[in-house]
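Let me begin by presenting the structure, written as structure tokens, before commenting on it.
The values are calculated or read from the model by the stated rules, or taken from the named source; none is laboratory data. Just so we're clear, the structure is a prediction, and the values are computed from it rather than from any experiment. Please note: Cβ atoms are built from the backbone with ideal geometry, for glycine as well, and neighbour counts cover all protein chains shown.
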Amino acid sequence: MRAGVAIAVGVVLLALSPLALSSYQLGLLTKMLIFALFAMSLNLILGYAGLPSLGHAAYFGVGAYTVGLLAVKVRDNFWLDFGAGLVAAAVTSALFGLLALRARGAYLLMITLALAQVLWGIAFGWRWLTGGDDGLPGVPRPAAGLPWSFAGGPAFYYLVLIVFVVLTAAFWVLVRSPFGQALVGIRESERRMEVLGYDTWRYKYVAFVLAGVMAGVSGNLFVYYNGFVSPAYLSIVFSAMALIMVILGGAGTLLGPAVGGAVIVLLENVISTHTERWLTVLGVIYVVVTLFAPAGIMGFVRERWGGRTV
Amino acid sequence: MTFWAIQTLNGVSFGMLLFLLAAGLSLIFGLMRILNLAHGSYYVLGAYVALSAIGVTGSFAAAAAAGIATVVALGVVMERGLLRRLPRDELPQALLTFGFLLIVGDLSLAIWGGTPQTLPKPAIFDASLRVGPLVFPSYRLFVIAVGVVVGVALWLLQERTRLGAMLRAAIDDAEIARATGINVSALSTGVFAFGAALAALGGIIGGPLLGVYPGADFEILLLAFVVVIVGGLGSLKGAFFGGLLVGLLDNFGKALFPQFALFTIFAPMAIILAVRPSGLFGAR
């Protein structure tokens, strides 16, 4: 109940924030929401099914490249481009899942990393298509054929906010459904779920692909936000950042990873203005969080105020 | 003919460097179940420190010692001070070591700058070896020799000595090994330091061939991962033959199909994975 009120207040505040924030701050908030989605997508497999991945940027980047290439080189049509980005992310995760889900633990981490790195190599090497290391600039804001334009900051912010709220609600329904409960069962004891008659591979595979599609959504939005896509979107740095966002916020909680994602984006923004050594600071964050806050922010909230966390 | 001979030599020497990294990764994982993402950072840090030390001392051997000592110190601090406090779970360990990958990479950039640098090779290897019409750079032969010597020494250590027997026992079952009086804690620190030293050695002897630059840490780590995926984590034999295979594939891939260099490595990896998920020499 208390959580429900908190969420309602949060949504209202988010909806009203364009009135209070400068356009720079609103842009930052938009980016925070996009990365919150990215972190939530990884949370589906990591937090609920217990499947870590060091290659989650693959689906984010594939979505971003698909949208970017179509919008720049073919046609700037939001519905077509966005849909194609989602299909590309889905196909990629469906393919990678077939290979990666044969493994577990350290092997799963290494294989997802290696597979994502293949895509990074393609984006890096296939210069005439992707622009290589220089990236692909000039991606316009989405043209959706609607009576209003998404070119302005507030309009684009609302687009991202609506996607965020809808996907979060869908996520909530999903993880409370029998499917989501089965994922948690697999995380706790895959053997027991097998004995109970669950085809655990199929559950893990569906979760893997869904997480890939959701990462694709965030990648699609981010390329519109940034107007630019580069191999960095597919890199280990992005993949590992998604992991630390999930852990920092609290793996296996509904909103923890979103909070973790927002916090990391905010920190990057604040710290980068003061020092060139953001990556060093980020590295220290990894060390400190894994050592001192393994349950994340939501774990802290749960300990402090008790009750069921969301 | 010349092309194939030289490319093979290059591939084998690169394979030996990969073996040095993969052997450490494999031993550390085998004993402690730690997936060390900072292993490539040891390689780069060893090379950078040696580069600075060679400017001061002028001696390759002294520089190598300085590089290895620095990296071993970092490794021991990481193992004793940090990794030991974590639960035995791959993910937190991977995240903590990834933090070090970022820190070492970023600080190296601050200290040694962004331009690629090459370690000068010891003067005695300026000569080349002639076999009929073929000319082999002697330094590459030296790198291969180092790899083979390390491989044989590790094999003898593991199979023929008391220390090796203790190590195998601890890898097999740490609990039981501890119960029989083996000091698994000291053994773990030793193995971690040794693995770090091998990676630093790889960076130092690889420095004159490949140079050292920002991003080299992750590049080499990724290839070392492919080696252990192909060869099987925890297997010395797997690290050796996996290293050779990946070194050759990488070299011929880059020489023959520069556009698709990564595919020549990852396609075989995917096939091996599909047929044998635990690698060619993996236990399970």
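Name the one entry in A:Ser235, A:Ser230, A:Ser218 that is buried (at least 18 other Cβ atoms within 10 Å of the Cβ), away from chain B (no Cβ under 14 Å), closer than 30 Å to A:Val87 by Cβ and modelled with pLDDT under 90.
Matching residue, one of A:Ser235, A:Ser230, A:Ser218: A:Ser230.
With a cut-off of at least 1 residues that are under 17 Å from the mean Cα position of the chain (by Cα) and among the aromatic types (Phe, Trp, Tyr), name the helices (runs of 4 or more DSSP H) lying wholly within the range A:52-128.
The helices (runs of 4 or more DSSP H) meeting that bar are A:57-69, A:78-100.
Can we say B:Gly190 is modelled with pLDDT of 90 or more, within 14 Å of the chain's Cα centre (by Cα) and either assigned to a helix (DSSP H, G or I) or within 30 Å of B:Pro120 (Cα to Cα) (or both)?
Here the answer is no, as B:Gly190 does not meet what is asked.
Can you report the number of residues in the range A:154-207 which are among the small types (Gly, Ala, Ser) and loosely packed, with under 15 Cβ neighbours inside 10 Å?
5
Can you name the residue in the range B:79-105 that is part of a helix (DSSP H, G or I) and farther than 19 Å from A:Ile236 by Cβ and is also nearest to the chain's Cα centre (by Cα) among such residues?
So, considering only residues that are part of a helix (DSSP H, G or I) and farther than 19 Å from A:Ile236 by Cβ, the one nearest to the chain's Cα centre (by Cα) is B:Glu79.
Could you identify the single residue in B:Ala73, B:Ala66, B:Ala94, B:Ala61 that is at pLDDT 90 or above and in contact with a helix residue (DSSP H, G or I) (Cβ under 7 Å, 6 or more places away or on another chain)?
Result: B:Ala66 is the single residue among B:Ala73, B:Ala66, B:Ala94, B:Ala61 that is at pLDDT 90 or above and in contact with a helix residue (DSSP H, G or I) (Cβ under 7 Å, 6 or more places away or on another chain).
So which of B:Leu25, B:Leu17, B:Leu21, B:Leu37 is within 14 Å of chain A (Cβ to nearest Cβ), out of contact with any strand residue (DSSP E or B) (no Cβ under 8 Å at 6 or more places or on another chain) and more than 16 Å from B:Met78 (Cα to Cα)?
Testing whether each residue is within 14 Å of chain A (Cβ to nearest Cβ), out of contact with any strand residue (DSSP E or B) (no Cβ under 8 Å at 6 or more places or on another chain) and more than 16 Å from B:Met78 (Cα to Cα) leaves just B:Leu21.
Write out, first by first residue and then by second, each pair whose Cβ atoms fall under 6 Å of each other, whose residues are 6+ apart or on separate chains, and whose first residue, in the range A:118-145, is within 14 Å of chain B (Cβ to nearest Cβ) and polar (S, T, N, Q) while the second is surrounded by 16 or more Cβ atoms within 10 Å (Cβ to Cβ) and assigned to a helix (DSSP H, G or I).
Listed by first residue and then by second, the contacts come to A:Thr130/A:Ala123.
Being at pLDDT below 90 and at negative phi, is that true of even one residue in the range A:31-46?
no
Conditions: (1) away from every other protein chain (no Cβ under 14 Å); (2) under 23 Å from A:Thr280 (Cβ atoms); (3) free of Cβ contacts under 8 Å to residues at least 40 places away in the same chain. B:Ile103 meets all but one. Number of the miss?
Failed condition: (1).
So which pairs qualify, if the first residue must be in the range B:106-132 and outside any helix (DSSP H, G or I) and at pLDDT 80 or above, the second must be surrounded by fewer than 16 Cβ atoms within 10 Å (Cβ to Cβ) and β-branched (Val, Ile, Thr), the Cβ gap must be under 7 Å, and the two must be at least 6 apart or on different chains?
Listed pairs, sorted by first residue: none to list.
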